[in-house]
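To start, the structure under review is shown below, and the notes come after it.
The values are calculated or read from the model by the stated rules, or taken from the named source; none is laboratory data. These numbers were taken from a predicted model, which means no experiment stands behind them. Here the Cβ positions follow ideal geometry from the backbone for every residue, glycine too, while neighbour counts run over all protein chains shown. Surface areas here come from the heavy atoms of the whole protein model, side chains and all, with no ligands, DNA or RNA. Shrake-Rupley method; radii C 1.70, N 1.55, O 1.52, S 1.80 Å.
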Amino acid sequence: MDDAPQPPGARRGVWIYLVLLLTFAIHAPSLANDFAWDDRWAAMGHHGAVEHPLVAELRPLSEYFEHHYWPHRTPVSETFRPATTLSFALRHAAFGDNSLPAHWANVVLHVLATALTYVLLVRLAVPWSAACVGMLVFGVHAVHSEAVANVVGRAELLGFVGGAAATLLLDSARRRGVVGRTVLGVGSAACAFLAFCAKESALAWVAFAPLWWAVARRRRGEPWLGSPAGTLLGVAALVIPAAAYWWLRQRMLGGLPGTVDASIGYLENPLLDVPSFVRVCTGTLLWGYGLLLTLLPFSLSADYGPCQLPVVDGANGWELVAGGAGLAIVAVGAGGLVALRRAPVVFLAAAAFLGFSFIVTNLARPVFMMFAERTYYAPSLGLSLLVAVLAERLGRRPLLVLLLGAWIGASCVVTVDRCGVWRDDDTLVLHEVAAQPRSVRFNLCAGDLWRGRGDTQAARRYFERATELDPQCVDAWLEVARVRLDQGDLDGAAAALSRSRSARPREVQARLVEIEAVAAQLAAQRTAG
């Protein structure tokens with residue numbers, strides 16, 4: 001038996017594979033999961049009697065670029081993710097509505113994203129051991145659990161993998177001749193286009209990739225900008241796909257039968273119709289909360305809607321907290337700029353967090369969700385970059401190793417637990433309504449669950465709890481009216497129906513058909529009585 005020491009390359013490979021194996025292992029429990037939450041609407045070909053026309057059967061490629069993300073749920077939506085929808089359709093064509101291949105794809109994509117994180121770090125001239133630590137932080141980061149365990153998180157995974165691959169391919173092109181550089185440039189453009197068509201927020205790679213290239217060149221002792229030909233190729237490989245994606249999106253929006261995005265309601269984003277000052281203050285507060293979850297991802301939820309996170313309206317005392325969050329964000333940016341000369345990877349870490357997260361903060365304009373964990377998938381790359389720098393500079397200092405080990409252990413435990421929470425709709429709803437009792441959405445879902453099980457009294461408790469949390473919620477009052485009708489409480493149903501009509505005008509208009517249907521049912525029961 002050969003007892004000679006392993007060469008550095010072999011030892012390096014062992015550690016890389018161990019990190020990737022751990023990443024796979026802690027997310028593997030999600031492989032036993034069913035479709036849950038938005039999966040049933042976006043990733044399945046058939047949800048009950050509802051068919052997703054773009055998933056149930058493979059369509060001509062052009063059709064995926066002509067429709068929004070929810071064509072079977074609402075006539076108008078600004079959400080445009082053709083690559084993600086196509087990935088669901090390809091899986092359905094091969095396996096039908098079998099959840100196992102869907103979850104396998106997500107776990108494998110996350111492992112690939114983790115491996116790409118390592119390559120991004122090594123190409124920045126970070127020592128391989130420090131790069132392994134940064135990769136480990138990305139792989140086990142608990143804030144990624146929703147993006148992996150929830151099939152619709154595929155959008156985040158594809159967006160990251162496509163953007164990182166595009167960045168690395170163009171970096172490789174610098175060492176090639178004209179033909180090789182052209183081939184890699186085309187491959188990079190294709191990866192970038194995939195990223196943009198998977199998730200709108202992946203457009204942030206257009207700004208981040210050039211920063212990464214500049215820092216990589218600086219760390220390798222090369223000129224900041226590189227050759228004019230390389231710079232032109234890099235710009236073209238990002239800007240052309242971004243322009244193509246934007247043109248296709250605008251073309252899709254131009255063909256819609258209206259301008260109001262009915263897929264976004266108050267429960268998704270209460271910042272839709274508020275004054276700009278309120279939206280900016282609240283967005284800043286949520287940005288700070290995203291920073292906190294990126295650093296300490298140990299208290300997670302599937303819903304961050306009204307009553308869970310505050311809207312800073314100048315009358316509820318959250319202004320100081322929003323100001324503190326703003327100062328924290330400014331500190332991250334200022335710290336990155338100060339570090340630019342002596343520690344450019346720290347600058348890149350700040351740019352990664354701020355750049356990838358800004359687009360989902362509601363600061364520039366309202367987006368689909370007020371806040372969602374999975375949108376911090378790409379921003380968390382900033383933490384991996386920062387940890388890699390600390391590991392490079394501080395080495396194996398006992399306190400650092402202890403703190404990092406505790407963080408990794410806790411994050412692994414949370415990730416495994418969250419994979420179990422996403423097992424199916426019932427498990428998710430019952431867990432989250434107990435853990436997040438102020439979630440209006442989960443109280444409504446729990447009411448639906450218990451009504452489906454025949455327990456109208458339990459259903460009524462959850463629906464009425466939703467009305468207490470948000471007295472202006474049309475859906476909550478409608479459900480109270482329905483369950484009281486089921487119980488024969490006609491006066492209570494009439495009172496709840498009256499409250500639903502006087503709630504938020506936008507929601508009343510969206511639910512007018514349902515309100516009228518409940519009113520007709522009430523009138524019929526009164527007549528029969």
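When Arg218, Arg251, Arg181 are checked against the criterion of being in a helix (DSSP H, G or I), at pLDDT 90 or above and of a type in the set (Lys, Arg), Arg251 stands alone in meeting it.
Leu157 meets the conditions (1) under 22 Å from Leu22 (Cα atoms); (2) surrounded by fewer than 24 Cβ atoms within 10 Å (Cβ to Cβ); (3) at pLDDT 95 or above in every case but one. The failed one is (2).
Residues checked against (1) in a helix (DSSP H, G or I); (2) open to solvent by 10 Å² or more (accessible area, probe 1.4 Å); (3) out of contact with any Ser or Thr (no Cβ under 7 Å at 6 or more places or on another chain):
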{"position": "Ala331", "(1), (2), (3)": "yes, yes, yes"}
{"position": "Ala352", "(1), (2), (3)": "yes, no, yes"}
{"position": "Val360", "(1), (2), (3)": "no, yes, no"}
{"position": "Val387", "(1), (2), (3)": "yes, yes, yes"}
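For Arg441, the criteria (1) basic (Lys, Arg); (2) farther than 30 Å from Asn150 by Cα; (3) in contact (Cβ under 8 Å) with a residue 40 or more places away in the chain hold in every case but one, which is (2).
Yes or no, residue by residue, for (1) without any contact (Cβ under 8 Å) to a residue 12 or more places away in the chain; (2) in a helix (DSSP H, G or I); (3) more than 30 Å from Ser77 (Cα to Cα); (4) open to solvent by less than 20 Å² (accessible area, probe 1.4 Å):
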| residue | (1), (2), (3), (4) |
| --- | --- |
| Ala349 | no, yes, yes, yes |
| Gly355 | no, yes, no, no |
| Ala391 | no, yes, yes, no |
| Leu428 | no, yes, no, yes |
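Inspect segment 502-523 for any residue being touching a residue at least 60 places away in the same chain (Cβ under 8 Å), within 14 Å of Gly447 (Cβ to Cβ) and surrounded by fewer than 21 Cβ atoms within 10 Å (Cβ to Cβ) and give the result as yes or no. Checking segment 502-523: not a single residue is touching a residue at least 60 places away in the same chain (Cβ under 8 Å), within 14 Å of Gly447 (Cβ to Cβ) and surrounded by fewer than 21 Cβ atoms within 10 Å (Cβ to Cβ). When residues in segment 411-425 are screened for being part of a helix (DSSP H, G or I), touching a residue at least 24 places away in the same chain (Cβ under 8 Å), closer than 20 Å to Gln436 by Cβ and of a type in the set (A, V, I, L, M, F, W, C), 4 of them pass. Among the residues making up segment 51-60, those that are surrounded by fewer than 16 Cβ atoms within 10 Å (Cβ to Cβ) and either in contact (Cβ under 8 Å) with a residue 24 or more places away in the chain or more than 25 Å from the chain's Cα centre (by Cα) (or both) are Glu57, Leu58, Pro60. Taking residues in segment 294-318 that are free of Cβ contacts under 8 Å to residues at least 40 places away in the same chain, and partners anywhere that are among the polar types (S, T, N, Q) and open to solvent by less than 20 Å² (accessible area, probe 1.4 Å), the pairs with Cβ atoms closer than 7 Å and at least 6 places apart or on different chains are Val312/Thr282. The condition of being over 29 Å from Asn98 (Cβ atoms), open to solvent by less than 10 Å² (accessible area, probe 1.4 Å) and β-branched (Val, Ile, Thr) holds for only one of Val480, Val421, that being Val480.
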